[in-house]
Amino acid sequence: MKVMERLVLTHLRPLVSPFQDPLQFAYQPKVGVDNAVIYLLQRAYSSLDRLNTTVRVMFFDFSSAFNTIQPRVLRAKLENMQMDAPLFSWIEDYLTVRPVCETAELCV
């Protein structure tokens, strides 16, 4: 399945890139957690260089956010982005028809 996901990603990335936040560190080529940590530390240290300042950081765990995607809402957004109909149909089918399993043995 990873091969198919990579093929879909090659079609999706050019469509989605203009809408992504410049501080999006995940799912970017050659960008990862290290870049996010470096950015965060640089911003924190530069703020702390000023007198009488504090830095507050909040972390969120979005590890299960993928399970909360609403396929119909996503499909409407992809349609508005002028995506090819077969591609967003495949994505919708993948999100709605695929089994959700804790381990690979349960998905057989």
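The values are calculated or read from the model by the stated rules, or taken from the named source; none is laboratory data. Note that this is a predicted model, so its numbers are computed, not measured. Cβ atoms come from the backbone with ideal geometry, glycine included; neighbour counts cover every protein chain shown. Calculation scope for accessible area: heavy atoms of the full protein, side chains included, ligands and nucleic acids excluded. Shrake-Rupley method; radii C 1.70, N 1.55, O 1.52, S 1.80 Å.
The rows are residues; the columns are (1) in contact (Cβ under 8 Å) with a residue 24 or more places away in the chain; (2) of a type in the set (Gly, Ala, Ser).
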residue: 56; (1), (2): no, no
residue: 63; (1), (2): no, yes
residue: 71; (1), (2): yes, no
residue: 76; (1), (2): no, yes
(request) Scan segment 23-72 for residues that are closer than 30 Å to residue 93 by Cα, assigned to a loop (DSSP other than H, G, I, E, B) and open to solvent by 100 Å² or more (accessible area, probe 1.4 Å) and report the count. (result) 6
(request) Quick one: in segment 1-22, of everything that is free of Cβ contacts under 8 Å to residues at least 24 places away in the same chain, part of a helix (DSSP H, G or I) and not charged (D, E, K, R), which residue is farthest from residue 76 (Cα to Cα)? (result) 3
(message) On the basis of being in contact with a Leu (Cβ under 9 Å, 6 or more places away or on another chain) and open to solvent by less than 90 Å² (accessible area, probe 1.4 Å), does residue 12 make the cut?
(response) yes
(message) If I ask for residues that are at pLDDT below 80 and more than 20 Å from residue 6 (Cα to Cα), which ones from segment 66-96 would you list?
(response) 68
